[in-house]
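Data first, discussion second: the structure below is written as C-alpha cells.
The values are calculated or read from the model by the stated rules, or taken from the named source; none is laboratory data. Computed from a predicted model, the values in this text were never measured in an experiment. Here the Cβ positions follow ideal geometry from the backbone for every residue, glycine too, while neighbour counts run over all protein chains shown.
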Amino acid sequence: MLKAKVAEQTPSISLPEISYTAWSEKKEGSPESGSGSNKAIVVDERQQRAAFKQWYVDNGGSSNSANTISTAIGKTKLKNGRPVFAIAIYDDLNNAIKSGGLDGYFQASGGEYSKMEVIFDIEPSVQRDDLKSGIKHYLSFLQSEGASVVADGVEARYSSPMGRTIGNKIPKNLILFGTPGTGKTYSSIQYAVAIIEEKLIADVKAEDYDAVFTRYLKYKEDGLVAFTTFHQSFGYEEFIEGIRPVVSSEDKAESGREIEYEVHDGIFKAFCDKAGTPIGNGGNIDLGIGKNPSVWKVSLEGTGDNPTRTECFANSHIRIGYDGYGETLPDTYEKGDNGRNILNAFYYKMQIGDIVLSCYSNKTIDAIGIITGEPEWHNEYPHYKRLRKVKWLVTGINEDIYELNSEKLMMQPSVYKLSISVSDALQLIKKLKPSIFTQKVKIPNRVFIIDEINRGNISKIFGELITLIEPTKRIGASEQLRASLPYSGQNFGVPDNIYLIGTMNTADRSIARIDAALRRRFNFVEMLPESETLKDILIDGIDIAKMLDTLNKRITVLLDREHTIGHSYFLQPLKADPSIDRLAMIFENEIIPLLQEYFYDDYEKIQLVLGDNQKPDDSTRFIVKKTDALKLFGSADIDFPEYYEINSAAFREVDAYAFI
C-alpha cells in the first residue's frame, strides 16, 4: 500500500498528511499526470481565474469579493506544487481535499484554518478566511455547467474571460475595462486576431506577442481591423456621417473657386459598408473586388433592352457615350455641361475592383459586375465608344433595388455612385447567385477597436447605432433592423461579421457613469493588475510583484480599487533593464505623477501608499515633509503651513523600497 510506504519513509507526519502525501504521489505517477500515455491537462490559469470571477459575479457575488477570494486562491498551491487555478476538474481538487482528511470542511462555517495547510502551500499574506470561502466557491464553480478544461489548446466547456459568453464565442460588443497599465489595448489586439482567425483567445494569448502583433498589422492593412480613439470633440459626423465642405474645381466656378458641401462617411459607417467584402487565398482576388470598393450605377445606352446592353454582356465590358469630346478629354467644359461630371466619374473616380450595377429601369437592375480595366477609347463602335472591362458576376436578372438604394429612383446620368453599401451589394449577389460564395471565398470577421471609449459622448457619437449594434439587430440576424441616416438617407444596418471592442480606463471615469444604453449592449471584461507577471523580476533584492501588490492594497484602502496601478508600468521596462536606475525612472516619472493625480496632491496619503511614514529618516523617504517655511520669510507673523518636496535621490536607494 502506498500509504504504508509513505508512513515508513516519514514516520513523523500525521494520518491526514500521510493520506494527502500518498494521494499526491499517486497522482504524480498516474497517466493523468503526464507520466503515462495520456497527456497532462494544461490549463491557462489566467483564463481560469477570470472565468471563476465572472461565474461568481453572475451567481450573485460582488466584484470586490470576487477579486478578494480569487487573489487568495491565486496565491495557493497544492503540496505537489500545482496552483489551484491550474485545476479545472472537480474530482482532482475534491479528491485532494478528501485525501487530506478535510471532506466537508470547506462547506462548513468556521473551523481551524491551520487545517488547510495539510493540503495547501499558502503564501503568508493570504487571509485564511478568504481562502476557505474561495475554495468553497471554486469547488462549486468546477461543478457548474459553466466550468471547463483547456487541454492542449482545446476548450471543453467554460466561459472564458470574455464577459458573459456562450461556449467559445467572443461577444459581438465587448469592452475591456480596468485601471491604467493593465494591458487593455495590448489585449484588444489579441482579441482582434482571435476573432479574425476564429481561434480561442487562450490560444492567441499563449503565442508570442510580436508574432500576433505582426498579423494584427497585416489585418489592419487589409482593412479587416480599424482603430480609433474617442475624445471630447469626437462626434456623430466623424463616426457615422456628416456634411463637410469641399473646394470646387476651378472650371466649375464662374469666378474663382467656391465652397461646396458633400455628405461624407464617418469611419465606422465606411468600415461597415465594406464589411461584406469576401476574401480568398490571402486576398480579395476571387471576385476581383478591391480593398475599398464603391458601388456604381451605369446606364448601357438607356433603359430596357437594346443592342449596346446585349453587346456589353457578351463581351464583358461597359460602354458610355459623350463621343463628341473625342478620345482625349478637354481641359475645360462649358458651364452647365453635364458631361463633365459623368466623364470625371468614369475616368477618375471609378476604380478597378469597384462594383457596377447595370440600370434596366429607374428601380431595377439586370446585371452586377466588377470593374477590371482602365478607361479605353474604341473607335470601331459607331457610338458609345468609351469602354471599361468588367467581370460580370450576375446577368439576366430583374432585381428591384429601390429600398436598398435608400428609396431613391435611379437618375438619368450614365454613371454615378449609388447609396448602396458594398455589404448590401454583396448580399444581393449572394442571394442571386449563391454558387459564387464557395468555401474558397469567405466573408471574414472584422474588428473595430475603440480606445478610450468612455471619453467620448456616447449618445452623441453612436446616435441610432446604439440600437443597430445589438447582436439580434444586425443584418441577417433574427430581428434585423436598419435606420435611415439623416444626411445620406441610406437605409443603414450593421453587418453581423463586425465585432466592436472598446477599452475603458476606470481611473478616468467610473464604469457606473457609462451611458446605461451602452452598458446594456456591451459585455464587460475587467482587466486587473497581474502581479504574477512580475514574479521573476528582482531588482537588488526588491520583489517587484510583492511591491505592486502592496501598493495596490494601500491604494484600495485609501481610495478605491478603480485607481490601482497596472503591471505594465513595470513589466517591459524592467525586463529590458532590471536596474535600480530604471526602477527609479518609473517611480519618479510615472508612478509619482499618477499618485499625485489620484490623491489630488494629498501628500500625506501618498506617503502612506509609499510607506514613507514607516521610514526612520528623510534620506529614504520619497516624499519629504518640510517645516522650514519660516526661514524663507524671516520673522513674518504668519502661521506657515508645512509643505512637501519629492526627494529624487531616494528613488535610487534600495532601502527606500523596503517599506513598500
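Observations on the structure shown:
- The listed residues are Asp92, Asp103, Asp129, and the only one of them that is outside the structural domain of Lys535 (by TED's automatic domain parsing), outside any loop (DSSP other than H, G, I, E, B) and exposed (fewer than 15 other Cβ atoms within 10 Å of the Cβ) turns out to be Asp129.
- Positions within region 316-353 being closer than 27 Å to Trp392 by Cβ, surrounded by 15 or more Cβ atoms within 10 Å (Cβ to Cβ) and basic (Lys, Arg), in sequence order: Arg319
- Each residue in region 292-309 was checked for being in contact with an Asp or Glu (Cβ under 7 Å, 6 or more places away or on another chain) and part of a loop (DSSP other than H, G, I, E, B), and 2 of them qualify.
- Unmet criterion (only one of (1) of a type in the set (Asp, Glu); (2) modelled with pLDDT of 90 or more; (3) not assigned by TED's automatic domain parsing to the domain that holds Met350) for Glu374: (3)
- No other residue among Thr165, Thr71 is surrounded by 18 or more Cβ atoms within 10 Å (Cβ to Cβ) and at pLDDT 80 or above apart from Thr71.
- Any hit, region 602-615, residues being in the same structural domain as Arg561 (by TED's automatic domain parsing), loosely packed, with under 12 Cβ neighbours inside 10 Å and not small (Gly, Ala, Ser): no
- Listed conditions (1) more than 30 Å from Gly326 (Cα to Cα); (2) touching a helix residue (DSSP H, G or I) at 6+ places or on another chain (Cβ under 9 Å); (3) surrounded by fewer than 17 Cβ atoms within 10 Å (Cβ to Cβ) are all met by Leu409, apart from (2).
- Test: Asn647 is of a type outside the set (Gly, Ala, Ser), farther than 18 Å from Ile555 by Cα and assigned by TED's automatic domain parsing to the domain that holds Asp540: yes
- Criterion applied to Ile638, Ile555 was being farther than 23 Å from Gly181 by Cβ and not in a strand (DSSP E or B), and the one residue passing it is Ile638.
- Criterion: buried (at least 21 other Cβ atoms within 10 Å of the Cβ) and either assigned to a strand (DSSP E or B) or modelled with pLDDT under 70 (or both) - qualifying residue of Ile195, Ile135, Ile175: Ile175
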